[in-house]
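The values are calculated or read from the model by the stated rules, or taken from the named source; none is laboratory data. Keep in mind that this is a model prediction, so the values were computed, not measured. Ideal geometry is used to build each Cβ from the backbone, glycine not excepted, and the neighbour counts take in all protein chains shown. Protein only, heavy atoms only, side chains kept; ligands, DNA and RNA dropped before computing areas. Shrake-Rupley method; radii C 1.70, N 1.55, O 1.52, S 1.80 Å.
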Amino acid sequence: MKLTKLIALHLLWLGMLASPVAAQQASVLQHQSPVVALDTLNKSAADSALAVPADTVYPGQKKPFTDAQLREGSNKRYLKRAVLPAAALIGAGIYTIQDNGFFSSHDARDARHKHTPNFSTKVDDYLFFLPVAYMYGFNAFSSQNRHDIRRQTGLLLASGALTSAIVWPTKKLTNIDRPNGDPTAFPSGHTAYAFTIATIVDKEFRHKSPWISVGSYTIASATGVMRVLNNEHWMADVLAGAGVGILSVNTVYWLHDKFFKDKGLNEPVIAPTVLPNGKPGVGMSVTF
């Protein structure tokens, strides 16, 4: 199988992953008189301007979200949408390590040397941050963000931390050199973080437009492809990295739904404190 066909196959799979589940539309004001509805709307706007707790359903937002979002804490859904796809990608990475598999990482490297021997770019070092930029952009200009921006940030940081906790020890344990001779190849950190970010954006804005999810996963996939074309990683590294990113985010959202779904995120409290070394400092406390 040619490298281009293999890449196209994975992009198709990711496109299917990003397909939206139909959301249900609810209307609170449809049975009220115009005057009462207007008063209610104005009162709601005034109240939301004063305090907007986490997980607020904003005016104009599809509610109650998609069926998949409502069942985020379902063990069955977690197995189907997180564990199985991640296991398939990580398994494909392990299966194609070095010279193993029907189309191995060595085959992909040879195809790269044959067709794009002079390919070199630094775009893959920065491209995967783009979905984060437009996620916060949507927060600023859209009324359809799934979680409060503070909750989004917490989920993003937790997912990134879990990804790091999987990627870096695995790199040390496998101790596989990259195709360019550098150490610690498996799995690809760039690809893992790219799919972590893409999956976060997918979860937060899939209900707004499926193209947001498609765009995010396309950017993540392009990051992985460029890591191979740059001779920075083996194909196996990229496949496993994608699986790690998807698994990490789904795990964080699964746990979040079980333990923090109905709990608000209070404003952070910043206060003077004394550091362990006895020097004065500043502490911040965030309560869920």
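Quick one: ranking Phe141, Phe128 by accessible area, 1.4 Å probe, largest first, what do you get?
Phe141, Phe128
Give me the net charge for the shell around Leu89: Cβ to Cβ below 15 angstrom, other residues only, Lys and Arg +1, Asp and Glu -1.
+2
Add +1 for every Lys or Arg and -1 for every Asp or Glu among the other residues with Cβ under 10 Å from the Cβ of Thr184, and state the total.
0
With the dipole of the range 73-161 worked out from charges on the C-beta (+1 for Lys and Arg, -1 for Asp and Glu) around the Cα centre, which of Phe138, Ile94, Ser104 lies farthest toward the positive end?
Farthest towards the positive pole: Phe138.
Once the Cα atoms of the range 91-181 are picked out, what are the Rg and Dmax in Å?
18.7, 50
Given N residues in the range 199-258, what is its alpha carbon radius of gyration divided by 2.2 N^0.38 Å?
Normalised by 2.2 N^0.38 Å, the Cα Rg of the range 199-258 equals 1.27.
Taking 10 °C and 1.306 mPa s as the conditions, I'd like the Stokes-Einstein D for the range 119-228 in µm²/s, using the Kirkwood hydrodynamic radius from alpha carbon pairs.
Working: Rh = 14.9 Å.
In µm²/s, the coefficient rounds to 107.
About the Cα centre, and with charges only on the beta carbon of Lys, Arg (+1) and Asp, Glu (-1), how big is the dipole of the range 65-182? Nearest 20 debye, please.
400
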